1. Looking at the stretch B:29-42 only, could you name the residues that are in contact with a helix residue (DSSP H, G or I) (Cβ under 8 Å, 6 or more places away or on another chain) and farther than 15 Å from residue A:221 by Cβ?
2. Which condition breaks for residue A:149 when tested against (1) surrounded by fewer than 24 Cβ atoms within 10 Å (Cβ to Cβ); (2) closer than 19 Å to residue A:180 by Cβ; (3) away from every other protein chain (no Cβ under 14 Å); (4) touching a strand residue (DSSP E or B) at 6+ places or on another chain (Cβ under 7 Å)?
3. Can you tell me which of (1) farther than 25 Å from residue A:55 by Cβ; (2) buried (at least 18 other Cβ atoms within 10 Å of the Cβ); (3) away from chain B (no Cβ under 14 Å) is the one residue A:158 doesn't meet?
4. Looking only at the stretch B:242-291, how many residues end up being surrounded by fewer than 18 Cβ atoms within 10 Å (Cβ to Cβ), more than 10 Å from chain A (Cβ to nearest Cβ) and not in a strand (DSSP E or B)?
5. What strands (runs of 3 or more DSSP E) completely inside the stretch A:203-290 contain at least 2 residues that are within 14 Å of chain B (Cβ to nearest Cβ)?
6. Name the residue that is nearest to the other protein chains (Cβ to nearest Cβ), counting only residues in the stretch B:99-122 that are closer than 30 Å to residue A:163 by Cα and either in contact with a helix residue (DSSP H, G or I) (Cβ under 6 Å, 6 or more places away or on another chain) or crowded, with 22+ Cβ neighbours inside 10 Å (or both).
7. Given the condition touching a residue at least 12 places away in the same chain (Cβ under 8 Å) and closer than 30 Å to residue B:250 by Cβ, answer yes or no: does some residue in the stretch A:89-104 qualify?
8. Restricting to the stretch B:181-213, name every residue that is away from every other protein chain (no Cβ under 14 Å) and touching a strand residue (DSSP E or B) at 6+ places or on another chain (Cβ under 9 Å).
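FYI, it's all coordinate maths here, none of it is from the lab. Note that the structure is predicted; figures quoted are calculated from it, not measured. No Cβ is skipped: glycine too gets one built from the backbone with ideal geometry, and neighbour counts run over all protein chains shown.
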């Protein structure tokens, strides 16, 4: 792997996830704490219009728009704001898949789920992110194209911190996110300067699917995340454990055959798609050593 | 037994339960929708209980409001405004609601309205009182507090010459705000819904028992009276320059003393509370109040006494 020279940090890909927005705005005013000697760091705001309105998105979710379909579509008059924006971001920090693209992009997110601090990486083949010390969630389903903003760069990851309500800044999560970015940038600096990071084994969570809310015929959800599942992100969910509770008090149990690990339990933004949580399996991965060329 | 210290109050026959005054505060939305399908648990003999979604367009979009905050427009000016094409949706809606459940300040108005809300602040199950002289409501709050004990049920009095706002529920003779948190906007937590449900259950039980003729002796409850709103520190462009300090975050209803930290700037500087008396902050870091320039609200602890009451028909 070549040393990294251009790194981007994005806040506000979703305009109501405030830790990253406040951090990016601070760094745009005063980038000093991002400076490292061996590479350049560029902070930016992902979705300015959504940030201004303090909403997740204006037309469509920016963080699902970085696919070939949208990036290479021809300009049209009535296209969603985020499609135009994605093409601009791809121009500035990409183009995705090309040699000119930024070396690395960090994307800062919050969740209403109790996920603590989590790194979201596309797959275990992204070597550099796997070396950063934090719980890791591998989000890409087999055969799926990458669609997130950080996929524009040659490598990237998302930081997901929660629980935090949308539109709220909590000082504790703000500090934590700031500290992790500082640590990650220190890591890149050490890597660039030739530090050898030996091979190691790590446990990480790999997505296998999504669990939808039960719904009435009219599409409204008919049950809530069960109190025993609420806030239990990354803890084992076993067959026949309760997962939902109806408004009349009945329990709905998990019907899978094996233990899974849920995440994004009761994430506000996923009600739109009626997704109650994401299902994951825990795997041990052998990560090869890392050293710059 | 009657006593000259007992006030005879009219029986309470018409009750409404409002959900979705803010469309992204989901406990009330889902409870009301559930009760509209199956209202058994909210029925009591001798009274009509009507569950109602107040801001359906905001509920559909899962947003606080469409044009303006519905819970601020039940003042005489807005209620009497002429309907034109460009009138805000919520003002038009307020007039419709006033027509069905009011008119406000008239004899035809509903006796009692429970207005269901959530907050991102760590307020627990808070009851909101509008009038310090409403004996019926204070007695109800006393009943609910005792029923939920040892669980805490703070009572928040919003009576204030400038800070009181014209709420949706204010059209009733006895307005009751139910504010349960913490819950993010757009999220439905089973534990928070359950807490709200219990408050309503005890509230309705009280009404039923009152109507049946039980005399409630004078009672005194501890309440938190609104004093002042505190905004975030801002720069000359109006941008927020500090966030709620970790020591204050989630500490709603806990004493705040002179010198205690309240804000933390991005540069790590602490800003402390300066005041000559202990205050009890609430609505600490409520998402919807960033735009209302409110980081938290200062309250003082006060004892409020209600006269004894008895239904006038018994």
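1. Those that are in contact with a helix residue (DSSP H, G or I) (Cβ under 8 Å, 6 or more places away or on another chain) and farther than 15 Å from residue A:221 by Cβ: B:35, B:41, B:42.
2. So the condition that residue A:149 fails would be (1).
3. Just one mismatch for residue A:158, condition (1).
4. 11
5. On the way: elements: A:223-225, A:242-246, A:251-253, A:261-263, A:275-287.
Qualifying strands (runs of 3 or more DSSP E): A:223-225, A:242-246, A:251-253, A:275-287.
6. Among those that are closer than 30 Å to residue A:163 by Cα and either in contact with a helix residue (DSSP H, G or I) (Cβ under 6 Å, 6 or more places away or on another chain) or crowded, with 22+ Cβ neighbours inside 10 Å (or both), it is B:120.
7. Checking the stretch A:89-104: not a single residue is touching a residue at least 12 places away in the same chain (Cβ under 8 Å) and closer than 30 Å to residue B:250 by Cβ.
8. Restricting attention to the stretch B:181-213, the residues satisfying the condition of being away from every other protein chain (no Cβ under 14 Å) are B:199, B:202-213.
Result: B:199, B:203, B:204, B:205, B:206, B:207, B:208, B:209, B:210, B:211, B:212, B:213.
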